[in-house]
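Peer 1: Below is one structure. I have some questions about it.
The values are calculated or read from the model by the stated rules, or taken from the named source; none is laboratory data. Predicted model only: the values in this text are computed from it and were never measured. Cβ placement follows ideal geometry from the backbone for every residue including glycine, while neighbour counts extend to all protein chains displayed.
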Amino acid sequence: MAEYAPTIRQRWVARILVDWREAKGLKANAVAQVLGWPQSKISKIETARQAPTTGDILALAAHYRVPEDERDDTVNLNERAGVRGWWASYEDQARPGGLGDRIELESEANLLRTFQNELVPGLLQTQAYTRNLGTLWVPPTTPEGVAKTTEIRMRRQARLTGENPLTVHAVLSMRVLEFDQDDPVVAPIMREQLHKMINQNDGKTVNIQVIPSRVKFHTSMGQPFAVLSFPHRSYTDVAILDSHQGPIYVENPAAVSGYSENFNWLAETVALDWKATSSIMMELADPR
């Protein structure tokens, strides 16, 4: 039997139910006794080892006297929780707990704040940039693997358009933008990449800021990270740290707050604004 792997949404539902109970100062075993449930049921639901039914949520909401709108939001979230999106068809590349969770988080988020010190953020990359990165992995990735990775990244970028687009606020080190103008392979790729970011960078839906070369030291040196925020009041921010083994998710509110504060400090006091950044990208893309 396959191991049960809860989705991000299922973990959110579980966290909401824990918050409801703790807000009332109740013990799990006492709640189970009142509702006539096995004591293990509350534990399994609250740790996302068992998916609650709509009836379960309604019973808990009634017992905790949860406001109707909050109850209904949670029921709606739970009904969508077990549905995996388009990324489920890329099982090898987008597993739950890895890239699959990142894509699911992006599908629910309304704001992505990211600091990158080496690479263009994935949601802003061109096909050529992504494909070239894929050929540089050690150990080498197969051509089929590079093609799948590129396809996934391009599909992720659909979140930047449509009815409720994801807002992207990126702070980049200057080295992300700089390149050897005479390199016959890299230069065309980077010029195309820069032109794409120039066209996207409106300071609103996409806000790209660069840290000037004169700034040698700052609080986020050496550690790229992202923070995703959500419109739903019950969702808390999630930080994502990039590594060669895959993304690392930070959900502890105090820890996530530290990343948010670092990002805001970089954006507000260290990095150039989006207009100055676009000017620099234009100079690099089309040197005179």
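Peer 1: I'd like the full set of residues that are at pLDDT 90 or above and out of contact with any helix residue (DSSP H, G or I) (no Cβ under 9 Å at 6 or more places or on another chain), limited to region 93-113.
Peer 2: Within region 93-113, Asn110, Leu111 meet the criteria.
Peer 1: Still on this structure: Got a sec? Which of Ser243, Ser213 is without any contact (Cβ under 8 Å) to a residue 40 or more places away in the chain, in contact with a helix residue (DSSP H, G or I) (Cβ under 7 Å, 6 or more places away or on another chain) and assigned to a loop (DSSP other than H, G, I, E, B)?
Peer 2: Exactly one of Ser243, Ser213 is without any contact (Cβ under 8 Å) to a residue 40 or more places away in the chain, in contact with a helix residue (DSSP H, G or I) (Cβ under 7 Å, 6 or more places away or on another chain) and assigned to a loop (DSSP other than H, G, I, E, B), namely Ser213.
Peer 1: Which residue is farthest from Val238 (Cα to Cα), if the candidates are limited to region 122-140 and must be in a loop (DSSP other than H, G, I, E, B) and either basic (Lys, Arg) or at pLDDT 95 or above (or both)?
Peer 2: The extreme case among them is Thr126.
Peer 1: Looking only at region 47-69, how many residues end up being of a type in the set (D, E, K, R) and surrounded by 15 or more Cβ atoms within 10 Å (Cβ to Cβ)?
Peer 2: Selection size over region 47-69: 1.
Peer 1: Which residue out of Leu119, Leu112 is assigned by TED's automatic domain parsing to the domain that holds Ser229, under 21 Å from Val238 (Cα atoms) and surrounded by fewer than 18 Cβ atoms within 10 Å (Cβ to Cβ)?
Peer 2: Leu119
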